[in-house]
Amino acid sequence: METQVSIDGFIAEPDGNTNWMIWNWGPDWTWDKELQKHHTDLTLSADSILISRQMAEEGFIAHWQKASENSESPQFAFAHHVSKTHKVVFSNTLTKSVAISGGWDTADIVSGNFVEQINQLKSKPGKNILVYGGATLVSSLIKERLIDEFHILVNPIALGNGLSIFRAMADKQNMILLQSKSFSCGVVLLQYKRITN
Amino acid sequence: MRKLKLQVQISIDGYIAGVNGEMDWITWSLDNAILKYISDLNKDIDCILLGRVLAEGFIPHWKMEATDPTKKRDFVKEMSEQYDFAKKMHETKKVVFTKSLKNSEWENTVLATGDLATEINTLKNQHGGDIVAYGGAAFVSSLIKTGLIDEFHLFVNPVAIGKGMAIFKELESKQDFNLVKATSFECGIVVIHYQPKRN
């Protein structure tokens, strides 16, 4: 999992606003080069990206297809990889007969028992599986203790209130600190491994 | 002007205590490097601010640690450093913020019962070393809201606790910070040092 949070641990304001993030996933790649590199390297280590139904419907696939058309763009390496990487949408309601922008060529729908399906996906040979959001999908993955590694990018801002991804947990989750790294833009990376009890 | 520093233990998800004040998630086995960080951070401190709730545990605890003769006689270096720390906590002037208490029954302690921002500004304008706050949640939340904290030292523990007591929830608008530095320690804690941006 890679996600951006505020100092007080929120991934978005109560209304879903994320414009306080140093990089709000938009087309402007003027943010920290070193952080871009960390982010792109992490993405390149994966051969599957887990996205929510809502993200699929809102055009995640089309967005990165379009972004990868311009090979001169600073976000090309990332966009190109995201665009061609296999996407997995977990949904019990969506089917491929529903057209989504960007199409189903690089994406599959998985339905049924959430935990079983994710575990099956993890047990297949291959590289890493990445998840960036959305909030509900990530919360469910955390609750079911299915995320093995956390890359948390702490933005230098406190929101006061917002959406949390750890709130659904029934009990606390201990982690092992793998590394922390600060970037000149003010973001701190906290990289953890989940402790399996 | 004296600086006001905040030093708190915090979970990955931003809580400084569990829903009922639990602290069982905090990493207590600290490595030498982090003990040095804490000692450096507290070196120029000559005033500790406490909320009334924390004060009731904090003050008697450090008094006991500092005045227990068996601790002083121990020649193990680590113990002696802990004793020195306890002694400092006990002997440093403490200011307890309360609306309910009328008289302080604690040593080296005065009460502050007036408006929080006014009291803090008065203290900061006095001559002296730096001022520190360690908690608790309600007091620190009010303190953050006043915008008078100069340095935030957040000790991020390697655990997410799901729910608990937050310290930024009283902010009326978003607060930007400058990252001073982040330091990771062997014990798994990352200390993130921020300065608030002031407009």
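Between B:Asp150 and A:Asn19, what FRET efficiency comes out of the Förster formula 1/(1 + (r/R0)^6) with R0 = 41 Å and r the beta carbon distance, rounded to 0.05?
According to the calculation, E is roughly 0.90.
In segment A:123-197, what trypsin sites (Lys or Arg not before Pro) fall in a loop by DSSP, with at most 12 other Cβ atoms inside 10 Å?
In loop regions of segment A:123-197 (DSSP not H, G, I, E or B), the sparsely surrounded trypsin sites (Lys or Arg not before Pro) are A:Lys127.
Taking only the C-alpha atoms, wrap a convex hull around segment A:32-168 and report its volume per residue in Å³ as a whole number.
Taking the convex hull of the Cα positions in segment A:32-168, it is 129 Å³ per residue.
Please list, ordered by chain and number, the residues whose modelled amide H lies under 5 Å from the amide H of A:Val5; skip anything fewer than 5 residues away on the same chain.
Answer set, sorted by chain and number: A:Leu153, A:Val154, A:Asn155.
Loop by DSSP (not H, G, I, E, B), at most 14 other beta-carbon atoms within 10 Å: where is the longest site-free stretch of chain B for GluC sites (Glu not before Pro)?
B:23-104
As a test of the formula, what do you get for the protein assembly as shown when each DSSP H run with n ≥ 4 contributes -39,500 (n - 2.57) and the sum is divided by the residue count, at 222 nm and rounded to the nearest 500 deg cm²/dmol?
Per the formula, -9000 deg cm²/dmol.
Hey, if you put +1 on the Cβ of every Lys and Arg and -1 on every Asp and Glu Cβ in chain B, which of B:Asn32, B:Gly162, B:Gly114 ends up farthest toward the positive end of that dipole?
The residue sitting most towards the positive pole is B:Gly114.
Can you work out the FRET efficiency for the pair A:Leu94 and B:Lys174, with r the C-beta to C-beta distance and R0 = 41 Å, to the nearest 0.05?
Taking R0 as 41 Å, the efficiency between A:Leu94 and B:Lys174 is 0.75.
About its Cα centre, how strong a charge dipole does chain A have in debye, to the nearest 20, once Lys and Arg get +1 and Asp and Glu get -1 at the Cβ?
It comes to approximately 520 debye.
Efficiency by 1/(1 + (r/R0)^6): what FRET value for B:Lys36 and A:Ser73, r their Cβ-Cβ distance, R0 = 51 Å, to the nearest 0.05?
FRET efficiency, B:Lys36 to A:Ser73: 0.65.
Need one number: nm distance between label points at B:Glu65 and B:Val53, each 7 Å from Cα along Cα→Cβ, rounded to one decimal.
Label at B:Glu65, label at B:Val53, 2.1 nm between them.
Taking DSSP loops as anything outside H, G, I, E and B, show the longest stretch in chain B free of trypsin sites (Lys or Arg not before Pro) there with at most 12 other beta carbons within 10 Å.
With trypsin sites (Lys or Arg not before Pro) excluded where exposed in loops, chain B gives B:103-196 as its longest stretch.
Using a cut-off of 15 Å between beta-carbons, work out the net charge of the residues near A:His81 (Lys and Arg +1, Asp and Glu -1, A:His81 not included).
+1
For B:Glu91, what is the net charge nearby, where nearby means another residue's Cβ is under 13 Å from its Cβ and Lys, Arg count +1, Asp, Glu -1?
+1
For segment A:86-105, list residues with backbone N below 13 Å from a point placed 7 Å from the Cα of A:Thr136 toward its Cβ?
Residues A:90-94 qualify, since their backbone N sits under 13 Å from the label point.
Restricting everything to alpha-carbon atoms, can you work out Rg to Rh for the protein assembly as shown with a Kirkwood hydrodynamic radius?
Here the Rg-to-Rh quotient is 1.03.
Here, each number is a calculation from the coordinates, and none is a lab measurement. What you see is a predicted model, and the numbers here were worked out from it, not measured in a lab. Ideal geometry is used to build each Cβ from the backbone, glycine not excepted, and the neighbour counts take in all protein chains shown.
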